[in-house]
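Step one of this worksheet: look at the structure below.
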Amino acid sequence: MKVNPLPAIRTPTDCLWLDDLSTAVLVTDENLRLLAINSAAEVLLGLSRERVVGGPLGHWLRLDRHLGTQLQQALQREQPVTLRARRLKPLRAPEFLADLVLSPLHAEDSSGRLLLELTAIDRQQRISREDQLRQQQAISRAVTRGLAHEIKNPLGGLRGAAQLLASELDDPGLREYTGIIIREADRLRSLVDRMLGPSNLPRRHEVNLHEVMEHVRGLVSVQLPLGLRVTADYDPSIPDIVADRDMLVQAILNLVQNAIQALGDHGEIRLVSRILRQYTISGKRHRLVARLRIRDNGPGIPDEIRERIFFPMVTGRAAGTGLGLPIAQSLVQLNNGLIECHSRPGRTDFDVLLPLETAS
Ligand SMILES: Nc1ncnc2c1ncn2[C@@H]1O[C@H](COP(=O)(O)OP(=O)(O)OP(=O)(O)O)[C@@H](O)[C@H]1O
Ligand SMILES: [Mg+2]
């Protein structure tokens, strides 16, 4: 197979066309020095183009000798080589499993070039897990809706009958009992309504995501224990999005309240915003996505519920109803986004991912 010549790469900007690819792509010269790196690779490897171009690939990818030799050999070949399921330990990002395609290319001056395509296998698994989760949530929502309907009708009758009975009773002691029936019926109704989740369609306007985060920070700051801090680290370049502000406030409030409850009297909650490039949400690839991260240094999500926290009625707290997270997830999904969670003792991240532009 004849390998196609690579368009000239004299400056890193000659490679901007690579940014349209969702696969992480890096190009090196024959000494494995980086000539170009696309946006997907910047995100995957935690690198910035300005810093790494010109430097040795081995340094930023922390290549072991074996892989380094395979890259050198690939440069000598005529055909692309695929390396499956290699564990990479990049200097600036968590390690991950990846498939690598190494394609030797010939530049105009006939010096060697190597084009590396990296596909993170963990990320593919994340997407299929996300699909599975979405289906399970849809089933659980359908069951909840059916159940809620069956509960609400007789509950209305029960409440009405208790009110009629109360009007017939002279004895205040007996009226106390009807009062209990009415109050409990109301409590059950509001629980069922919460289980049903948001009933309105989003009312979309221009929303500043940092205003949303700061609003939530203000709301919770009045009830914070002394030993608990909420800090903020925002990327000011994130543009406004078109979304339902109140829904986002409610979703983020639920997440921050969970973090406060998990921390108890001491700890730190960090509100962080960043832009991600080429990110897939619910099967759609987006060029730019805002990630609003709520991080706490509490005990982490208990193992036994970790896989189910987005389902209704799953709680690890004695006083919890287990509705905060499924509601937050529905609210964010109504705004075309997704909440993801990563948790271990000492570090729990809830990420609200919201597309910054329409899917490509
Ligand atoms: N930041 C966190 N750290 C540790 N555990 C968490 C965190 N956020 C959520 N959890 C766990 O997930 C469970 C489910 O959270 P969710 O908000 O859905 O319900 P809840 O907080 O128990 O009740 P509700 O929000 O309805 O009052 C919590 O009970 C808790 O065990
Ligand atoms: Mg909660």
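Per-structure values
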quantity	calculated
Lone unmet requirement of (1) touching a residue at least 24 places away in the same chain (Cβ under 8 Å); (2) open to solvent by less than 40 Å² (accessible area, probe 1.4 Å); (3) not in a loop (DSSP other than H, G, I, E, B) for residue 202	(3)
Region 213-250 - residue that is open to solvent by 30 Å² or more (accessible area, probe 1.4 Å) and among the acidic types (Asp, Glu) and, of those, farthest from residue 291 (Cα to Cα)	246
Qualifying positions in region 134-186 - open to solvent by 60 Å² or more (accessible area, probe 1.4 Å) and not in a helix (DSSP H, G or I)	170, 171
For residue 210: the one exception among (1) free of Cβ contacts under 8 Å to residues at least 60 places away in the same chain; (2) open to solvent by less than 60 Å² (accessible area, probe 1.4 Å); (3) within 16 Å of residue 355 (Cα to Cα)	(1)
Subset of region 279-316 [of a type in the set (S, T, N, Q) and out of contact with any helix residue (DSSP H, G or I) (no Cβ under 6 Å at 6 or more places or on another chain)]	282, 297, 315
Single residue of region 245-264 satisfying the filter (in contact with a Leu (Cβ under 7 Å, 6 or more places away or on another chain) and modelled with pLDDT under 95) that is nearest to ligand 2 (Cβ to nearest atom)	250
Output for region 39-86, where each listed residue is among the charged types (D, E, K, R), within 21 Å of residue 122 (Cβ to Cβ) and surrounded by 13 or more Cβ atoms within 10 Å (Cβ to Cβ)	42, 62, 64, 86
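The values are calculated or read from the model by the stated rules, or taken from the named source; none is laboratory data. Everything numeric in this text was worked out from a predicted model, so none of it was measured. Glycine gets a Cβ as well: all are built from the backbone with ideal geometry, and neighbour counts include every protein chain shown. Remember, those area values only see protein heavy atoms, side chains included, never the ligands or the DNA or RNA. Shrake-Rupley method; radii C 1.70, N 1.55, O 1.52, S 1.80 Å.
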